[in-house]
1. Need the failing condition index for residue 142 against (1) assigned to a strand (DSSP E or B); (2) of a type in the set (A, V, I, L, M, F, W, C); (3) surrounded by fewer than 19 Cβ atoms within 10 Å (Cβ to Cβ); (4) in contact (Cβ under 8 Å) with a residue 40 or more places away in the chain, just the number.
2. Pick from segment 1-39 the residues that are within 17 Å of residue 199 (Cβ to Cβ) and among the basic types (Lys, Arg): which of them is farthest from the chain's Cα centre (by Cα)?
3. Which of (1) of a type in the set (Lys, Arg); (2) touching a Phe, Trp or Tyr at 6+ places or on another chain (Cβ under 8 Å); (3) in a loop (DSSP other than H, G, I, E, B) does residue 208 not meet, given it meets every other one?
4. Restricting to segment 38-64, name every residue that is closer than 12 Å to residue 229 by Cα and among the hydrophobic types (A, V, I, L, M, F, W, C).
5. Which pairs do you get when a residue that is away from ligand 2 (no atom under 14 Å from the Cβ), found in segment 111-129, comes within reach of a residue that is of a type in the set (D, E, K, R) and assigned to a helix (DSSP H, G or I), reach meaning Cβ atoms under 9 angstrom, with the pair 6+ apart or on two chains?
6. So, of the residues in segment 1-22 that are assigned to a strand (DSSP E or B) and not β-branched (Val, Ile, Thr), which turns out to be farthest from residue 126 (Cα to Cα)?
7. From the list 173, 107, exactly one residue is without any contact (Cβ under 8 Å) to a residue 24 or more places away in the chain and touching a Leu at 6+ places or on another chain (Cβ under 9 Å). Which is it?
8. Show the residue pairs that are 6+ apart or on different chains and have beta-carbon atoms under 7 Å apart, the first residue being within segment 89-100 and touching a residue at least 60 places away in the same chain (Cβ under 8 Å) and farther than 9 Å from residue 175 by Cβ, the second being surrounded by fewer than 21 Cβ atoms within 10 Å (Cβ to Cβ) and β-branched (Val, Ile, Thr).
Amino acid sequence: MTRRRQIYEGKAKILYEGPEPGTIIQYFKDDATAFNAQKKGTISGKGVLNNRISEHLFTLLGGIGIPTHFIRRLNMREQLVRQVEIIPIEVVIRNVVAGSLAKRFGLEDGTTLPRTIIEYYYKDDALNDPMVTDEHIAAFGWATQEEMHDIADMAIRVNDFMAGLFAGVGIKLVDFKLEFGRLYDGEFSRVILADEISPDGCRLWDMKSGDKLDKDRFRLDLGGEVEAYQEVARRLGLMAEDESAVLDLDEHRKARGK
Ligand code: TMP
Ligand code: ASP
């Protein structure tokens, strides 16, 4: 393998310089963290599944006119994306009470919200990703008001689309996190959807059983993480008949040193 320049290593992905200017390669690791990296582990095969699931969702979102950074999947663990300047805000969209919302307001998990809630968190591990409002974002110059308008608009469209998509395969989209980036064209830039969408950053509940099919299995020590991610991939039509095929192939590649 030719050596590529590593640009950044995050908790679940590594970014490498891409083959053409303005592109980067996202490598999906099996590493998992929770509670601001206080809890660490690996979920064997997660990277392969997230790469595939994220490819699928970004492709479908592109198809309904959401601009995204996704170009194409390169192999089991890597995808080629457009290089953007990441806006340091985590955009959380909630349809159902869970997680920190339940905790903060003493609400019961699983209560459907009367309307979708969008929350913003400032991406800063040292500060523990504090929740912020549009006021902080504007005052501290993290994004302009126009950019925030576009982001809120896209977040709602992504939510409507994904909630319907998952409902169609018996999964409730409880909440999820999005990240956006600036794509520059000369001195102008526009905001596009970036990062990934996978069970790492979504709460996905089976509609019949209520089973959690997402990273809460890891956060809450429920076990069966990879099986849950596989189930999401399977429902989305992304698994071969033999459910382990996608993972075996990856192991095979590794064994050959590719
Ligand atoms: P929360 O209930 O912990 O605030 O999380 C809401 C949703 O956002 C949940 O689906 C997990 C996702 N999320 C991330 O992807 N990264 C994060 O750092 C946080 C806090 C949440
Ligand atoms: N904040 C992420 C999560 O819990 C990961 C982390 O905090 O380490 O989803």
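1. Failed condition: (1).
2. 39
3. Condition not satisfied by residue 208: (2).
4. 43, 48, 49, 53
5. Final answer for the pair search is 116/160; 120/134.
6. The residue in question is 17.
7. 107
8. Pairs found: 91/118.
The values are calculated or read from the model by the stated rules, or taken from the named source; none is laboratory data. If you're wondering where the values come from, they're calculated on a predicted model, not measured in any experiment. Ideal geometry is used to build each Cβ from the backbone, glycine not excepted, and the neighbour counts take in all protein chains shown.
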